[in-house]
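Novice: First, the structure itself, so that you have it in front of you.
The values are calculated or read from the model by the stated rules, or taken from the named source; none is laboratory data. Treat the numbers as computed from the prediction; the structure is a model and nothing was measured. Note: ideal-geometry Cβ built from the backbone for every residue, glycine included; neighbour counts use all protein chains shown.
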Amino acid sequence: MDERDRPTDADAEPSDGSLVARANRGDRAAFEQLYGRYRDWILAVAYRVTEDRDLAFDVLQEVVVYWLGKFPGFVLAGKVKTFLVPVVRHTALEHLRRRRRGQGLELPEALPDDRPVSLAGVADLESAVARLPPGQREVLLLHFGDGLALAEVAVALEIPLGTVKSRLGLALAALRSDGRLRRAWLGGS
Amino acid sequence: MDGCGGRGSAAREEEGSGWIFRTWREPADGAAASCRVEPDFHESSPPADGLLGPPGPEARRLLGRLAVSGPALPARREAAIHEAIHAGFGRRRQQVSPSSWWVAAAAVALLAVVAFLGERWTRPTEIEPSLALAVRQVEAIAAERGPDGAASDPRVTAILMALVAMPPSPDARPLVGGPRFERYDLVVDGLDHALAAWRAEIDVPGPIVGIEGGDPPFGEPARYDPAALATGRVILAGLPDPTPTKPWAPPAGGEVRVATVVVRLADGASEPAVADVELLVPHGARTGATLRLHRRDTE
């Protein structure tokens, strides 16, 4: 069983499903545990979208309140992350729009996600991932970092499966453009 | 599956693009043909054609770390979130009586009282806490038995009968405690000149979750001061639309809505209030007009 699925057979860690069920019955500690489990991840996703610490904190707070409002009666249809990704992204984008309206500034133009990017010369895999266009990086991290299946990534990001595949293909193509990155990726010497 | 339907054999990469192409010659006429390989990644096996494939253990660990790599949450923020969770669960759910039957019996008794009092009931808001408790109890039953089970539960039937029999409450507050969202219009009163700019600081006992425009020519969402917001102060300002089709004059009565804010308020929070206001008419002159907050009814 994959660790990301939070199996029930672990001695200490209750599954997400059982925590949700307990929270639905009014168990605050269960929701606190869910929050503790996903807090850093929500912050990370929010920060990747906003690239602003304070906005990421605001997003986390709003997402938690939104999630809290779903109880009792919250139905966990898939993974918690599949539910949370669109919530975090929408909230983060709304905060960015709000800031843009408030400051009269335009959002920085992101690199287009549908074009290949050359990462040649970037020896460090972490830096290379950070330099990927946001859409490609998000797909890469959700799939390989968070363990979501491609179809789940498509649902979470609300984009077609083909777009997920092409973005992942472009990200991997960029990573393999450098021999050192390729070795780091595959774990070779 | 490579998206080429099994056609072609030799794969080549388009220079610098990262795309893989297969090439072949059509059997019918020998014409050269090619197809771009659509990457199709599998969890367990690396894909063909030299694509990079899934990451190794080290890279997977790195990506897992990157996926949760974000800024450290300050203690003040952490405390605010725990307070929100506490408010959401502590007040709203843990105070639900464990005895569902007791509440059902109380609801039936309430039904009898309501039926007895009939139209003589003059202060319906007095029963609002009982209504809220009944709603919470139905929620608890639904959480316990699921939606289908709750629908056939006699306790729910009894509670619903009581609810249906109750007179409507014209000024009822939200039945379930905890955070709620309210809209407040910022209305300028007593204008005798066209308003050229406005600025206001408002005391809000909760986070502002939305800023909307007002009536023309203040249709653009109001600006806010992010630096002040970071210190907990809410300072809003606005200008009329930059290119009005015709000069605007204050409407009859001198009242114009310049913005609307949406606020999230905790249960029992005080009402927002205007702390400071500055209204300017053309040429920078001041006006005696005033700005007030008006809570908009949701219905």
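Novice: If we only count helices (runs of 4 or more DSSP H) wholly inside region A:135-189, which ones have 1 or more residues that are over 23 Å from A:K79 (Cβ atoms), out of contact with any Phe, Trp or Tyr (no Cβ under 9 Å at 6 or more places or on another chain) and in contact (Cβ under 8 Å) with a residue 12 or more places away in the chain?
Specialist: A:161-175, A:179-186
Novice: Would you check which residues across region A:41-57 are facing chain B (nearest Cβ under 7 Å) and either in contact (Cβ under 8 Å) with a residue 60 or more places away in the chain or surrounded by fewer than 17 Cβ atoms within 10 Å (Cβ to Cβ) (or both) and list them?
Specialist: A:W41, A:R53, A:D54
Novice: Is region B:46-55 home to any residue that is more than 7 Å from every other protein chain (Cβ to nearest Cβ) and at pLDDT 70 or above?
Specialist: No, region B:46-55 has no match at all.
Residues checked against (1) modelled with pLDDT under 75; (2) touching a Lys or Arg at 6+ places or on another chain (Cβ under 7 Å):
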{"site": "B:E126", "(1), (2)": "yes, no"}
{"site": "B:V138", "(1), (2)": "yes, no"}
{"site": "B:T157", "(1), (2)": "yes, no"}
{"site": "B:P174", "(1), (2)": "yes, yes"}
{"site": "B:V187", "(1), (2)": "no, yes"}
{"site": "B:R199", "(1), (2)": "no, no"}
{"site": "B:E212", "(1), (2)": "no, no"}
